[in-house]
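The values are calculated or read from the model by the stated rules, or taken from the named source; none is laboratory data. As the structure is a prediction and not an experimental result, all values here were calculated from the model. Cβ: placed from backbone, ideal geometry, glycine included. Neighbour counts: every protein chain shown.
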Amino acid sequence: MNIVELGLAEAARLVKKREVSPVELVKSSLQQIDQVDGKLAAYISVFNEQAVAVAKASEAMLMAGHDLGSLHGVPIALKDNIAVKGTRTTAGSKILADWFPDHDATVTQRLRNSGAIILGKCNMHEFAWGGTSHNPHYGAVRNPWDTSRFPAGSSGGSGAAVAAQTCFGALGTDTGGSIRLPSAVNGIVGLRPTYGRVSNHGIIPLAWSMDTAGPMTRRVEDAAIMLNAIAGHDPKDGSTAAVQVDDYTRDLNVDLQGLRVGMIPDYFLSHLQPDVYAAMTDALKLLQGMGAQIVNLDMSLIEGNISAQLTIESAEPSTYHQRWLRERPGDYGEDVRSLLEVGELLLATHYLQAQRYRTALRQEFLDAFRRVDVFVCPTLPFTATKVGETLVEIEPGKPEDMLSAIMQFTGVPSLTGLPSLNVPCGFDRNGMPIGMQVIGRPFDETTLFRVGAQFEQATRFYKKRPNLG
C-alpha cells in the first residue's frame, strides 16, 4: 500500500511501532501534494523544509524513548484562518496576505503538543464567508472526485486535501456548515463540535457566536483522535466550556442496538435531489437493520432556521470587518464584499429576533433529546455543482440561490450549538459523494463517533477513493 493511503490512526500506530517513520509520512505527503495540488489548489502554503525538519526531530525523539502523544509524527494540515506562529496566515484574503502571527492558535499548539507535524495551510473561501471556496486571491479549490466541480466551503481546501490523500487529517472551521459541507461533497468525515468544546483563540472569526474548529479526516476513528487532542477549556477563550473531555474513541466498537434515531420527515426528507433522497432512505433502513429505532418527530420551529442563520451570519462578520470594509473595500472579493455590505444594512431588531429564535429552537431540540439519542439527516440537499456556479437545481427546472440551499440542514446545529458529524453515505449517479449528518446532545460527541464508526464499518464507503490520475 502507498503510505498516503493509510488512515491517520493506522499511520500513528505504525509510527509508534517504528514500522513507518515520521520522515516517510511527511515526504510521502509532500510528494502527493506535488503530484495533485496543481489540479486542486487545496493549499495556500506548504512547509516543505520545516515539515521535514520537524519529522526528523520527531523520529529522533521516538528513538530516544520520548512519545509526545496520539499524533506523534503524523502530518496534519490547517485551514488558513488558524494562526501558526511566524507563518503567513491569510484567511484566504488579500487583506491578511502579509500577516505573520506572533502566536499559535490554541488548536495549533494542542496539535503540536500531541506530536502532530503541521504540513501546510489550506485554501478556503475568503474570510470563511461563503460556501464554495472559489477564492479570487489564491485560486478556486476543486473537488478531487471531479475537478470541474466545487469542494464546498468554506473549508474546501481542507476537505480536498484530506480526500486527495495529501495529509492524514486537517482542521477546518465551521460557522454555518463549513466543516460538514466540504466533508460531504469530498466524501470524508468531518465534525462540528459542540460550541465551546474547542478553543477559537488564534482563529480569525467569521461569526463569534457560532464559530468552532473541528477535525476533517478519512475515517471516524481519525476524527475522534484529533478531537481528543484539541478539545477542552482554554483560559484564553472565554467561550470555551469547563466540561470534562471524554475519550472520544471509547465507544467506537459499541453496536447500535436500542439507539433512538430522531427523524423530522417533513423537513429532513424534503427538498432533496433524488440521489440524495435515495441515499438517505437507504441509510435509515441500514440503521434500523443495525438495531436502531427510528423515531419520527414534529419540530414546529425548524422551518425558520435558514433565515435566522443568514441574519446572524451576516451581522456578526460585518461587525468584525467594519473598519477594513471602509478603508480597503477593493481588497475583498466581490462576493464577500457584497455579503459584508448587506450585513451592515440589518437592523438590531433583525439580529435580536434571530437570537430569540435561536434560543427557542435550541430548547425544542433539548426537549426532543429526552425521546431520542441522535438526529440523522442529509448534510446538504444536493451534490457538488460545477466550479463557479452560484445557483443550484434541487428540483428540476427550479434554480435557486446556493448559499441559502446549502444551509438547509447544517444551519440547525450551528444555531443551536449542538455537535454534528458528517459521515459518507453514498454516491450520486455521477460518482459524487453524498453525506449524512448525525446531530447529538451538547458535549456528546462520543455518541456521534459511535454512530459514525458503526455506519462506516457497515458501508465501507471510505474504501472508495478519488482518481486524480
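For the range 151-161, enumerate the residues that are in contact with a Lys or Arg (Cβ under 8 Å, 6 or more places away or on another chain) and under 14 Å from N422 (Cα atoms). Scanning the range 151-161 gives a single hit, S155. The set of residues in the range 296-310 being assigned to a helix (DSSP H, G or I) and not β-branched (V, I, T) consists of E303, G304, N305, S307, A308, Q309, L310.
Checking H137 against (1) surrounded by 24 or more Cβ atoms within 10 Å (Cβ to Cβ); (2) in a loop (DSSP other than H, G, I, E, B), which single condition isn't satisfied? Of everything listed in (1) surrounded by 24 or more Cβ atoms within 10 Å (Cβ to Cβ); (2) in a loop (DSSP other than H, G, I, E, B), H137 misses just condition (1).
Sort out which residues of the range 31-44 are surrounded by fewer than 20 Cβ atoms within 10 Å (Cβ to Cβ) and either hydroxyl-bearing (S, T, Y) or closer than 22 Å to R88 by Cβ (or both), and write them in order of number. Reasoning before the result, please.
Going through the range 31-44, the residues surrounded by fewer than 20 Cβ atoms within 10 Å (Cβ to Cβ) turn out to be 31, 34-35, 38-39.
Correct list: D34, G38.
Quick check: is even one residue across the range 31-47 touching a Ser or Thr at 6+ places or on another chain (Cβ under 8 Å), at pLDDT 95 or above and within 20 Å of M61 (Cβ to Cβ)? There is at least one residue in the range 31-47 that is touching a Ser or Thr at 6+ places or on another chain (Cβ under 8 Å), at pLDDT 95 or above and within 20 Å of M61 (Cβ to Cβ).
To keep it simple, each residue is scored yes or no on (1) assigned by TED's automatic domain parsing to the domain that holds G214; (2) within 30 Å of Q454 (Cα to Cα); (3) in contact with a strand residue (DSSP E or B) (Cβ under 9 Å, 6 or more places away or on another chain).
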| residue | (1), (2), (3) |
| --- | --- |
| R323 | no, no, no |
| L347 | no, no, no |
| Y357 | no, no, no |
| R362 | no, yes, no |
| R370 | no, yes, no |
| L380 | no, yes, yes |
| L391 | no, no, yes |
| T416 | no, yes, yes |
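For the range 220-241, how many residues meet the condition of being part of a loop (DSSP other than H, G, I, E, B) and either free of Cβ contacts under 8 Å to residues at least 12 places away in the same chain or closer than 20 Å to S70 by Cβ (or both)? Please lay out each step first, then the result.
Applying the first criterion (part of a loop (DSSP other than H, G, I, E, B)) to the range 220-241 yields 232-241.
Pick out the ones that are also either free of Cβ contacts under 8 Å to residues at least 12 places away in the same chain or closer than 20 Å to S70 by Cβ (or both) and you get 232-235, 238.
Selection size over the range 220-241: 5.
In summary, E19 fulfils each of the numbered conditions (1) in contact with a Phe, Trp or Tyr (Cβ under 7 Å, 6 or more places away or on another chain); (2) free of Cβ contacts under 8 Å to residues at least 24 places away in the same chain with the single exception of condition (1). Filtering P22, P101, P75 for residues that are over 24 Å from I225 (Cα atoms) and modelled with pLDDT of 95 or more leaves a single hit, P101.
Test of understanding: among V342, V336, which residue is closer than 21 Å to L403 by Cβ, in contact (Cβ under 8 Å) with a residue 60 or more places away in the chain and in a helix (DSSP H, G or I)?
None of the others qualify; the one that does is V336.
Has the range 301-319 got any residue that is surrounded by 12 or more Cβ atoms within 10 Å (Cβ to Cβ), over 22 Å from the mean Cα position of the chain (by Cα), of a type outside the set (D, E) and farther than 24 Å from F365 by Cβ? Yes, the range 301-319 has at least one match.
Here is a check on your reading of the model: is N113 in contact (Cβ under 8 Å) with a residue 24 or more places away in the chain, buried (at least 24 other Cβ atoms within 10 Å of the Cβ) and over 29 Å from G343 (Cα atoms)? Lay out the reasoning, then the answer.
On the way: in contact (Cβ under 8 Å) with a residue 24 or more places away in the chain: yes; buried (at least 24 other Cβ atoms within 10 Å of the Cβ): no; over 29 Å from G343 (Cα atoms): yes.
Against the criterion (in contact (Cβ under 8 Å) with a residue 24 or more places away in the chain, buried (at least 24 other Cβ atoms within 10 Å of the Cβ) and over 29 Å from G343 (Cα atoms)), N113 does not qualify.
Candidates are the residues of the range 61-93 that are part of a helix (DSSP H, G or I) and touching a His at 6+ places or on another chain (Cβ under 9 Å); the one that is surrounded by the most Cβ atoms within 10 Å (Cβ to Cβ) is L62.
The condition of being part of a loop (DSSP other than H, G, I, E, B), free of Cβ contacts under 8 Å to residues at least 24 places away in the same chain and either surrounded by 15 or more Cβ atoms within 10 Å (Cβ to Cβ) or of a type in the set (S, T, N, Q) (or both) holds for only one of Q257, Q244, that being Q244. Per the listing A223, A283, A184, A278, the residue uniquely more than 22 Å from the chain's Cα centre (by Cα) and under 30 Å from R429 (Cβ atoms) is A278.
Would you confirm whether any residue within the range 47-63 is within 23 Å of the chain's Cα centre (by Cα) and either under 30 Å from E456 (Cβ atoms) or touching a residue at least 24 places away in the same chain (Cβ under 8 Å) (or both)?
Start the filter on the range 47-63 by keeping residues that are within 23 Å of the chain's Cα centre (by Cα), which leaves 47.
Filter once more, keeping what is either under 30 Å from E456 (Cβ atoms) or touching a residue at least 24 places away in the same chain (Cβ under 8 Å) (or both): 47.
The answer is yes, given that some residue of the range 47-63 is within 23 Å of the chain's Cα centre (by Cα) and either under 30 Å from E456 (Cβ atoms) or touching a residue at least 24 places away in the same chain (Cβ under 8 Å) (or both).
Considering only the range 125-184, state which residues are within 18 Å of Y462 (Cβ to Cβ) and among the β-branched types (V, I, T). Those that are within 18 Å of Y462 (Cβ to Cβ) and among the β-branched types (V, I, T): V162, T166, I179.
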